[in-house]
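Please read the structure below before turning to the comments.
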Amino acid sequence: MEVPNRERKSLKKQFENLHSNFKYHSGYVGANDNFKSECRICGYVQERNAQIGRLSRKGIEIQCDNCNEINRLRKDLINILDKIYKEKERAIKKESRTRNRKPTENKDET
Ligand SMILES: [Zn+2]
């Protein structure tokens with residue numbers, strides 16, 4: 001049983017209109033079955049149910065699993081870098097404080 005080209009084209013058009021961050025990739029076989037979508041941001045191909053391409057799903061946001069994972073890793077990385085930066089900063093301040101301190105000058109310390 002072959003899906004009419006017209007039906008596939010209409011799913012593609014409607015899906016891409018509703019979800020501008022994604023495009024149709026392949027595998028459409030029917031309105032209640034899965035097809036493959038491609039993320040326009042990272043290119044990740046993900047299976048979705050064709051019902052997500054229906055007009056009644058307008059306003060429902062779909063997400064890319066790979067983008068979500070990248071964002072999670074990015075946050076982790078930023079936290080790690082931030083921690084390293086603060087540790088370095090603390091070490092440098094400590095070092096310069098001990099280096100600049102003269103035994104007779106202690107009055108500017110609070
Ligand atoms: Zn993505």
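Laboratory data are not the source of any read-out in this text; all were calculated from the coordinates shown. Quick caveat: nothing in here was measured; it's all calculated off a predicted structure. Quick reminder, even Gly has a Cβ in these numbers, built from the backbone with ideal geometry, and neighbours come from all protein chains shown.
Here are some notes:
- Neighbour cut-off at most 16 other Cβ (10 Å), DSSP loop, GluC sites (Glu not before Pro), the stretch 1-61: GLU2, GLU61
- Scaled radius of gyration (Cα, divided by 2.2 N^0.38 Å) that the chain gives: 2.08
- Full extension of the chain segment joining ASN5 with GLN46 gains 12.6 nm, where the gain is 0.36 nm per residue of separation less the Cα-Cα distance.
- Of the residues LYS86, LYS36, LYS58, the one that moves most in a GNM of the chain with alpha-carbon contacts below 10 Å is LYS86.
- Residues listed by number, the stretch 16-33, amide nitrogen under 14 Å from ILE70 label point at 7 Å toward C-beta: 21-23
- Largest-first ellipsoid semi-axes for the stretch 5-63, taking √(5λ) over the Cα gyration tensor eigenvalues, angstrom: 15, 13, 10
- A crude spin-label estimate for the pair LYS94 and LYS13, with each label 7 Å from Cα along the Cβ direction, gives 6.7 nm.
- Values of log10 I(q)/I(0), in the order q = 0.18, 0.28, 0.35 Å⁻¹, for the stretch 51-91 under a Debye, Cα-only, solvent-free model: -0.65, -0.87, -1.03
- Isolated Cys residues of the chain, judged by Cβ distance under 4.7 Å to other cysteines: CYS42
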